[in-house]
Amino acid sequence: MTTIMQRSDGQLWADAAGGDEAAFGLLFDRHVKAVYNHCFRLSASWSTAEDATQAVFLTAWRRRSDIRLVDGSALPWLLTVATNVVRDERRSTRRWLAAVLRLPPDRDAADLADHVAGRVDDERRMREVLRAARRLPRAEREALALCVWSSVSYADAAQLLGITEASVRARVSRARARLTRSLGDAAAPLPHETQEA
């Protein structure tokens, strides 16, 4: 009498077709490595090979009564199923990728990229303006910071600084002129006019 381990693939498949899970488990143990290696060689991916191997044996269990042995072995049938599984996976991936590539560009992502680029540009420009502003006389720098950068009215700035409104206007005008000479186009727009966060 032969033990279950000594049974042929044909005998094990016949038992598995009748619902014998132990017989199917032995067939799995007997052929899983060859199926897995075959799937890896077709896909060049260990994770794809693992998924494909699972799909092969799931198909084998579902179709256990339809299997065709070749020279008494189930392996050729399993390898054929493995080839089809990997091919189907490859086609599915190509279709998915083609569908993704047909999608219109994500406007939100483009807008975000533009926003980030704008902010980086604003920071660079602000650093240049601040370097130049530090060279201004203190009185002009204060008037510029209040009226231009912080949008304080000339009248309110005059009150804060304890000078006339005309003096505030003159200081702001001189500060703008010096910055324009120093920075050229980088002075405009001045920082309060750049995009908000």
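Given the residues V85, V56, V81, which is the only one that is touching a Ser or Thr at 6+ places or on another chain (Cβ under 6 Å), under 30 Å from D9 (Cβ atoms) and either surrounded by 11 or more Cβ atoms within 10 Å (Cβ to Cβ) or of a type outside the set (A, V, I, L, M) (or both)? I'd like the intermediate steps shown before the answer.
Values: V85 fails: touching a Ser or Thr at 6+ places or on another chain (Cβ under 6 Å); V56 fails: touching a Ser or Thr at 6+ places or on another chain (Cβ under 6 Å).
Checking each option against the conditions leaves just V81.
Residue count for the stretch 4-28 satisfying the condition of being buried (at least 16 other Cβ atoms within 10 Å of the Cβ), small (G, A, S) and over 16 Å from W77 (Cα atoms): 1.
Within the stretch 10-29, residues that are in contact (Cβ under 8 Å) with a residue 40 or more places away in the chain sit with their Cβ atoms under 6 Å from residues that are exposed (fewer than 13 other Cβ atoms within 10 Å of the Cβ), at 6+ positions apart or across chains, in these pairs: G10/G72; A17/S65. Just one of the listed residues (V148, V120, V116, V100) is β-branched (V, I, T) and either surrounded by 15 or more Cβ atoms within 10 Å (Cβ to Cβ) or in a loop (DSSP other than H, G, I, E, B) (or both), namely V148.
Okay, residues lined up against (1) modelled with pLDDT under 85; (2) of a type in the set (S, T, N, Q):
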{"position": "L112", "(1), (2)": "yes, no"}
{"position": "A117", "(1), (2)": "yes, no"}
{"position": "E140", "(1), (2)": "no, no"}
{"position": "D156", "(1), (2)": "no, no"}
{"position": "T164", "(1), (2)": "no, yes"}
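Conditions (1) within 19 Å of L27 (Cα to Cα); (2) assigned by TED's automatic domain parsing to the domain that holds L27; (3) not β-branched (V, I, T), marked per residue:
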site	(1), (2), (3)
D71	yes, yes, yes
L78	yes, yes, yes
S92	no, yes, yes
R95	no, yes, yes
A98	no, yes, yes
G118	no, no, yes
D121	no, no, yes
S151	no, no, yes
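The set of residues in the stretch 65-86 that are in contact (Cβ under 8 Å) with a residue 40 or more places away in the chain and not in a loop (DSSP other than H, G, I, E, B) comprises S73, L75, L78, L79, A82, T83, V85, V86.
The values are calculated or read from the model by the stated rules, or taken from the named source; none is laboratory data. Note that the coordinates shown come from a computational prediction; the quantities given were computed from them, not determined experimentally. When we count neighbours, we look across all protein chains shown, and the Cβ atoms used for this are built from the backbone with ideal geometry, even at glycine.
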